[in-house]
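Colleague: Okay, here's the structure, questions in a sec.
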Amino acid sequence: MDRGRNWVKVTVVDDDTGRPVPCRIHFRSPEGIPYQPHGHHNQVNSNLDTWHIDIGGDVRMGQITYAYIDGRCEGWLPRGDVIVDVARGFEYEPLRTKVRIEPGQQRLELRIKRWIDMNARRWFSGDSHVHFLSTDGAHLESSGEDLNVVNLLQSQWGSLFTNTEDFTGRASVVQNGSNIVYVSQENRQHFMGHMILWGLKEPVMPWCSDGPGEAEIGGHMETTLAHWADEAHAQGAWVINPHFPNPNGEPAALVATGRLDGVEMLRQTRPNHMEYYRYLNCGYRLPLVGGTDKMSSDVPVGLYRTYALLPDDQEFTYENWCRSVASGRTFLSGGPIIHLSVDGKDVGDTLAMSGPGSVEVEAWAESVLPVFSLEIVQRWSSRGTRRQSQRRSAARTEGEDQDRRSLLDCGSDWCIRLL
């Protein structure tokens, strides 16, 4: 029986501060009928593919379409029971609740709770790799995902050029300074590889080369990734290898010549991990970066994200965040919050030893999602594993290695992996 509906103004507040908080939200009846806020999709693109379609303001995860809001929204809700899903990144407990809309009700308040504040610990999160959103759309969606930095990348797709109008050569910063969008570039070749350029003041051209599907049909290889990297570094920008290691043409030369400031690990597969370990075992320091390569409304901004550690005396700015990434003070995550230290040294530090010996490795992970195992890896081998299905997982390990000094000097001795 249709019980009617009410136009309801909804506010989502932070449980600690009592203030409205950006988030993503979904309403549905117990029968599964969506009732999204006015101005948002009930289903993004009718559940069809969304590459460069319906980008901005909504995201679809499985069969559920969420609206990004600044903490407030309004629209029609059915009288009676309504199921509400609210989420905000990795540091808030997701909310699923059933509310009852009474006849005449016009307001609804929902509360979500932060379980950890990484900014207070000087860790700031960012997505290395986002396409197609507008600058303001990136602010809205990243704020709704509790993300501090978005690298929004203009690029070329044959005859299609995207985000041309968004490039300014400077950061776009919200009023309180907690959310930054910087429009830069992804330069691409289908054979030699792709390259992310952060913090460009001027475009590095051509954006793409070497023919389809990156550049024009019939196009030639007019330049190299090394040349693009040199142009970017000359203007003080940073160079990241995206979706490491593929396409795997020129990246090895970029690593060997010191042209990469980091590598983005998007696909968590054993071959990709082993390729990364090979570089570490050769003595190359390669900071890990997390990003989504978001090109559709099926992927939330920051689903994979980079956490970068800033010193206590350093202001949070885009440039300082990029410098921390390049220095190796990072971890990437698809949900868990990770801690790793070796004899008290943090991620990105180098531990010098006078000779062979033992070190104490402390690692823990905590997440709103189940953590099934926490594994410490040294030179291909697992040196410590804890398995459980609870929210918190921890491991503390001691080990000896006859070549530990050289391993730690090259920054390749320990990494952490979650399964």
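Coordinate-derived values only; no laboratory data. What you are looking at is a predicted structure, and each value in this text was computed from that prediction instead of being measured. Note that we place each Cβ from the backbone using ideal geometry, even for glycine, and neighbour counts take in every protein chain shown.
Colleague: List the relative contact order of the stretch 119-335 as a percent without decimals, with contacts defined as Cα pairs under 8 Å and 6+ residues apart.
Modeller: 21 percent.
Colleague: Which lysines have a Cα less than 25 Å from the Cα of residue 9, not counting those fewer than 8 places away in the same chain?
Modeller: 98, 113
Colleague: Between residue 379 and residue 278, what is the spin-label point distance in nm, taking each point 7 Å from the Cα along the Cα→C-beta axis?
Modeller: So the label points at residue 379 and residue 278 sit 1.9 nm apart.
Colleague: Taking H placed 1.01 Å from N in the peptide plane, check which residues at least 5 places from residue 216 or on another chain put their amide H under 5 Å from its amide H.
Modeller: 211
Colleague: Another question, then. Which whole-number percent is the relative contact order of the chain (Cα, under 8 Å, 6+ apart)?
Modeller: Computed over the chain, the figure is 13 percent.
Colleague: Also, I was wondering about something else. In percent, how large is the relative contact order of the stretch 8-112, given Cα pairs closer than 8 Å and 6 or more residues apart?
Modeller: Reported relative contact order: 38 percent.
Colleague: Percent antiparallel among DSSP beta bridges with both residues in the chain, to the nearest 5?
Modeller: 80 percent
Colleague: Right, next: Between residue 9 and residue 202, 0.36 nm times their residue separation minus their Cα-Cα distance comes to what?
Modeller: 65.1 nm
Colleague: Suppose R0 equals 41 Å; then what is the FRET efficiency for residue 111 and residue 222 from their Cβ-Cβ distance, rounded to the nearest 0.05?
Modeller: Step by step, r from the Cβ atoms, then E = 0.15.
Colleague: The stretch 114-193: which trypsin sites (Lys or Arg not before Pro) are DSSP loop and have at most 12 other beta-carbon atoms within 10 angstrom?
Modeller: Taking the stretch 114-193 and a limit of 12 other Cβ atoms within 10 Å, the loop trypsin sites (Lys or Arg not before Pro) found are 170.
Colleague: Quick one: which residues, 5 or more positions from residue 74 or on another chain, have an amide H under 5 Å from its amide H? H modelled 1.01 Å from N in the peptide plane, none for Pro or chain starts.
Modeller: 10, 38
Colleague: Could I ask something else about it? Just checking my list [x] 1.00; [y] 0.95; [z] 1.05 against Rg/Rh (Cα atoms, Kirkwood Rh) computed from this structure; which label fits?
Modeller: Read-out from the structure maps to [x].
Colleague: A further question follows. Nearest 500 deg cm²/dmol is fine: what mean residue ellipticity at 222 nm does the chain get from its DSSP H runs of n ≥ 4 alone, each adding -39,500 (n - 2.57), divided by its residue count?
Modeller: After summing the helix terms and dividing by residue count, I get -3500 deg cm²/dmol.
Colleague: Can you compute the label reach from residue 96? Point 7 Å from Cα along the Cβ direction, backbone N cut-off under 15 Å, restricted to the stretch 17-52.
Modeller: Within reach of a label on residue 96: 25-33.
Colleague: Can I ask one more? So, in Å, what gap is there between the alpha-carbon centers of the stretch 203-245 and the stretch 56-118?
Modeller: 41 Å
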